[in-house]
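*Asks:* Mind looking over this structure? Questions follow.
What follows draws every value from the coordinates through simple rules; no lab data is involved. These numbers were taken from a predicted model, which means no experiment stands behind them. We place every Cβ from the backbone using ideal geometry, glycine too, and count neighbours over all the protein chains shown.
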Amino acid sequence: MKDSVPLLPYWTKLIVPLNLCTGKSLAQPCLLRISKVNLPGFTRSVYRRDHALITPESHVFSPLPDWTNTLGAYLITPAIGSHFVMYLAKMQENSRSGLPPNDVERLIFVTQGAVTLTNSSGISNKLVVDSYAYLPPNFDHSLKCDGSATLVVFERRYAFLDNHITEHIVGSTDKQPLLETPGEVFELRKLLPASMPYDFNIHVMDFQPGEFLNVKEVHYNQHGLLLLEGQGIYRLGDSWYPVQAGDVIWMAPFVPQWYAALGKTRSRYLLYKDVNRNPL
């Protein structure tokens, strides 16, 4: 299969002058267990015109603009063809967030540690793992971390509609109801309201081992995905990629996409999707 990558760990057949398995034969093949992730120059990351797989060994962290004591890794940006930004923010002791540009909305999701969110009215909320906050465009706020925390952050320039405004939202994954998924077996939660003011949503999708998407999707929406737990196979276009927790995927409009969960534990991923706007 084109562009496919085998699952880790890898087995590689080597012909060596001294058989490292037995220490005797000079010409017999030997199976050595080699993790290609540790080989110089190897990465599972892939960039194509209509999709990208960005794996943890490829993440490049640097000081995050306008944040203090925080390192960021931009994983999806308009340079790749998206209309949104997705990045990881690693907040250290005594760190504080900056504000997004004017008219840009933001959603943060905590994957490690805890942060305190404070708005301009002085109201504070503590956000722990699997909790999140939606910050409307031009909403004054700050995030503070006294220890360490890792956030996944989604930002996009808000598509305004007359007589519609979004609201500041704080929540947690386990408090969101399971939604019906006709024809599918996975479990679905949505972190934002489905109402017209919101021009994107974040889905949390759970698959038990062996479960898969019934629909082989092709649609106008873009996606940014972070695999939070488990492992599986993702089809993107004509390529099939083994994926595991920590992997990020960008999907352009109309790229064929499909997922199947493998392994012995649940797969869970976080998925950005643009909604409620005419694609024209």
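*Asks:* Report the rotationally averaged projected area of region 44-274 based on its alpha-carbon convex hull, in square nanometres.
*Replies:* 12.6 nm²
*Asks:* Over region 44-274, how many pairs of lysines fall under 19 Å by alpha carbon, counting only those 8 or more apart in sequence or from different chains?
*Replies:* 7
*Asks:* What number comes out for the charge environment of Val275, summing +1 per Lys or Arg and -1 per Asp or Glu over other residues with Cβ under 12 Å away?
*Replies:* Overall, the nearby charge balance is +2.
*Asks:* When the gyration tensor of region 151-214 is built from Cα positions, what are the square roots of 5 times its three eigenvalues, in whole Å, from largest to smallest?
*Replies:* Ellipsoid half-lengths, sorted descending, are 27, 14, 12 Å.
*Asks:* Right, here's the next one. Could you work out Rg/(2.2 N^0.38 Å) for region 231-280, with Rg from alpha carbons only?
*Replies:* Taking N as the residue count of region 231-280, the ratio is 1.32.
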